[in-house]
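Q: Below is a structure I'd like to ask you about.
The values are calculated or read from the model by the stated rules, or taken from the named source; none is laboratory data. The structure presented is a predicted model; accordingly, all values stated were derived computationally and were not measured. With ideal geometry, Cβ positions are generated from the backbone for all residues, glycine too; neighbour counts draw on all protein chains shown.
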Amino acid sequence: MTKKELSQYYWLEKEIKDDEERLRILREQATAPQAQHLTGMPYGSDGDKDKIGKATAEIVDLQAIIAAKQIQCIHEKQRIERFIMNISDSMTRMIFTHRCIDGMTWQEVADSMGYRMTGDNARQIFYRYLKQFKNLENSV
């Protein structure tokens, strides 16, 4: 597994949060009362229906996109968890879990591990293991 593959869960979660914020804004815009434009000119009544229909379609589309990303996120998390479960060293497993699943910074990982570990130590253990895994994978 590569660093990029291990980071997919983090980025998918971030993407979902951004999409959920966009959805919240769309819903607010769709339900907010619209100001009337009084120009004195006649206008058709279909204009408001199109706006509401368009906003509804955007909301439905974005909801479907979010749902698909949530399913993908579950699969990515499970794939990463299976990879982590196969790490024989408990400390290394914890570092990978805190970093890849919990989305902690290197310093947060080190703090959660305790006993004089620094963020740099945690990062080095992580990358050494990935390098060993890559070498092992290439030799098979």
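Q: Of all the residues that make up the range 98-109, how many are in contact with an Asp or Glu (Cβ under 8 Å, 6 or more places away or on another chain) and either among the aromatic types (Phe, Trp, Tyr) or crowded, with 17+ Cβ neighbours inside 10 Å (or both)?
A: The qualifying residues number 2.
Q: Next up: Counting only residues that are touching a residue at least 40 places away in the same chain (Cβ under 8 Å) and in a helix (DSSP H, G or I), how many does the range 100-126 have? Walk me through it before giving the result.
A: So in the range 100-126, the residues touching a residue at least 40 places away in the same chain (Cβ under 8 Å) come out as 100-101, 103.
The next check asks that each one be in a helix (DSSP H, G or I); those that pass are 100-101.
Matching residues across the range 100-126 total 2.
Q: When the residues of the range 1-40 are narrowed to those that are at pLDDT 90 or above and among the aliphatic types (A, V, I, L, M), which ends up surrounded by the fewest Cβ atoms within 10 Å (Cβ to Cβ)?
A: Among them, the one singled out is ILE25.
Q: Only one of these conditions is not met by TYR127: (1) loosely packed, with under 15 Cβ neighbours inside 10 Å; (2) farther than 14 Å from MET1 by Cβ; (3) of a type in the set (Ser, Thr, Tyr). Which number is it?
A: The one condition TYR127 does not meet is (2).
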